[in-house]
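The values are calculated or read from the model by the stated rules, or taken from the named source; none is laboratory data. These numbers were taken from a predicted model, which means no experiment stands behind them. Heads up, the Cβs are rebuilt from the backbone with ideal geometry, glycines too, and the neighbour counts pull from every protein chain shown. Only protein heavy atoms, including side chains, enter the accessible area calculation; ligands, DNA and RNA are left aside. Shrake-Rupley method; radii C 1.70, N 1.55, O 1.52, S 1.80 Å.
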Amino acid sequence: MSKKRPANKSDSESAHKKQMAVGMNQKATLTFPAFCEKFDLFRRDYAYSRYKNIISKYVPDDCDRLTKEFNLWKSSFANKQFWLQKTRLVTDLDARLSSAEYVQKVIQQEIQVLPDVNCSTSVRVSSHDTTHRSTSPSIDDNTTSITSNSDNQETNDRQESANTPVLADSVLNSNCSVATDNENSIDDSASADMARHNDADLLDLRGHQTSSTLLSHANASAGWMFKGTNISTLFMIFQQKVVDITASALLHMETSIHEALALSHVLLLAPQQHSQLMIDVFTEEILDALTENLVHESLKLKLDTGDVICGKVFRIIDSVQMHQLDNDEANVQLLQLCGHVDKHTACVIRGIAKAMGELPLQAIKNKQSISEYELTTTYFHPILSCILSSPEKRVLLRWTNIESDTSGDKRPDATLTKLTQLSYGPSLGFGEAKVAQPTANNNDLCHDLLRLGIFCKEAIDTHHWNACLTFQIHGFTIVFYLMRLRHDGIYTMYEIAKVLFPRSLEELSSFISLKNLRSLAQVSESFWRLCKSVPASEIDVMISNSRPTHPCFYNLIDSSKNKGRTCALRFEQ
């Protein structure tokens, strides 16, 4: 049987002949950069291989000279600058393509809504507040305006808000395409600025107005009210300021983690850890009060973890450390204590019993010598698996570092996976871990937190979770966050606990404190109570409140690292 010839063989032969002709005719002035520009080569390894093949086969008399010049150029600064420009150009084109596809998707969604727009507008008027105003959409040849109101908020949030600024609207032309440069040569800085402008425009997501004319304000008839302050309005202003910043500059990960998450509608809250821009928009008093209120709402503060129980656990662990009890006897006594406390405190005690059999007697001298795998499986898994994992409830804590169901090509270090019959199902939470370092790498830690925020948001959007739990490990400190979508277009991600885990059996006794036991029991109780599907009757409201993740927001973040940059978050280890 004869082999089929590739369909593109003639094309490749033609290109090969052109490259050969260039090598033969211009060997006196032939250079690698000129060769790449002539044939639009942008893949580095392929371009290197092709160039060396051409000069060795078709310019043999000058091959040594050209090879030396090529090797000298490869080790020069010009080589790095050349490929930097190529990478920027490819990134810009990829961003434009993703942006065009995203805009097309948004337009199609809005067009599908148009026939029923009058009906949907009247349905969005809440029956619980007769003072809400509904704005009927107007449609003409040039402008399509859709006003969407948030609904079914909690009772204490049902108050009327003032006019809310809307994020920069996408400028769409009649054939629904994104303008691209027609020039043959593209200036790198100009193209980067253009990509940032296009990405900023794409923050006009579902629920905001889409128009060929930029609109600056829209009515929000039901906002998130807290102590007389419209949080929805302030968050929109905060997002708009972030958009304005990214129009002319990239965000630094270390200093702008709150702003980066806001690009995908995530409001990050941690006690006394707010960016300056957030403080300028919300005020520090409102942010701290809001964070405290959310934590108190989510955590069940009255659990059976008292001084007596804490003291008994401490004495058992201390007896093991003093060699007065062996591990088996200590385990029996700890398990007996579980019958006298609530189930979540019992889970913490069982985790301590497991950790007692895993931890070294004394702490390892060099924390940097502990690998990430050892850190997670030896020091954190015994306790975390007891409070966040339950075979009976068909939820497992997995240290996967593989693709999860909602993370696409991104890989979380851990997932809280719900089993579906005999298969791994959707994720109820995510975790990231970094080993201790002499100096905290704020860039990597902020990047991990950004990933966790996106993981949780996409899990909530995909599976309609009432809440999603995430945790970030740095050295021996773990911080727990909870994300919820309870208000229109705002995914609230807030810190609920921070705990320093023990490094050895020697430190386990000092770990047994009322604060630590209660914090872990509260995290466990909140996870099992909140991280589940919303009722079927509330799914439509959640879909209405949700927003798509911005497809290109990573392009608005500077990839450079600088330990001198100040980070609003405190990463302890």
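Here are some notes:
- Candidates Arg570, Arg547, Arg565, filtered to the one that is open to solvent by less than 20 Å² (accessible area, probe 1.4 Å) and either assigned to a helix (DSSP H, G or I) or not hydrophobic (A, V, I, L, M, F, W, C) (or both): Arg547
- Segment 515-534 residues that are of a type in the set (Asp, Glu), paired with ones that are open to solvent by 10 Å² or more (accessible area, probe 1.4 Å) and modelled with pLDDT under 95 (beta carbon under 9 Å, 6 or more apart): Glu525/Leu299; Glu525/Lys300; Glu525/Leu303; Glu525/Asp342; Glu525/Lys343; Glu525/His344
- When Lys418, Lys393, Lys354 are checked against the criterion of being of a type outside the set (Val, Ile, Thr) and in a loop (DSSP other than H, G, I, E, B), a single residue qualifies: Lys393.
- Here Val295, Val308, Val243 are screened, and the one residue that is part of a helix (DSSP H, G or I) and crowded, with 20+ Cβ neighbours inside 10 Å is Val243.
- Test: residue in segment 351-369 that is under 21 Å from Leu469 (Cα atoms) and within 32 Å of the chain's Cα centre (by Cα): yes
- Test set (1) surrounded by fewer than 19 Cβ atoms within 10 Å (Cβ to Cβ); (2) of a type in the set (D, E, K, R); (3) under 18 Å from the mean Cα position of the chain (by Cα) - Glu507 fails condition number: (3)
- Taken together, the criteria place Glu495 among residues that are under 28 Å from Leu261 (Cβ atoms), in contact with a Pro (Cβ under 8 Å, 6 or more places away or on another chain) and either part of a loop (DSSP other than H, G, I, E, B) or of a type outside the set (A, V, I, L, M) (or both).
- Residue in segment 336-348 that is in contact with a Pro (Cβ under 8 Å, 6 or more places away or on another chain), of a type outside the set (Phe, Trp, Tyr) and surrounded by fewer than 16 Cβ atoms within 10 Å (Cβ to Cβ) present: no
- Condition check for Tyr379 on (1) more than 19 Å from Gly431 (Cα to Cα); (2) open to solvent by less than 20 Å² (accessible area, probe 1.4 Å); (3) of a type outside the set (D, E, K, R): one failure, at (1).
- First in segment 34-51 and more than 14 Å from Leu89 (Cα to Cα), second anywhere and in a loop (DSSP other than H, G, I, E, B) and modelled with pLDDT of 80 or more, Cβ under 8 Å, 6 or more apart: Phe35/Leu41; Ala47/Leu41; Arg50/Leu41
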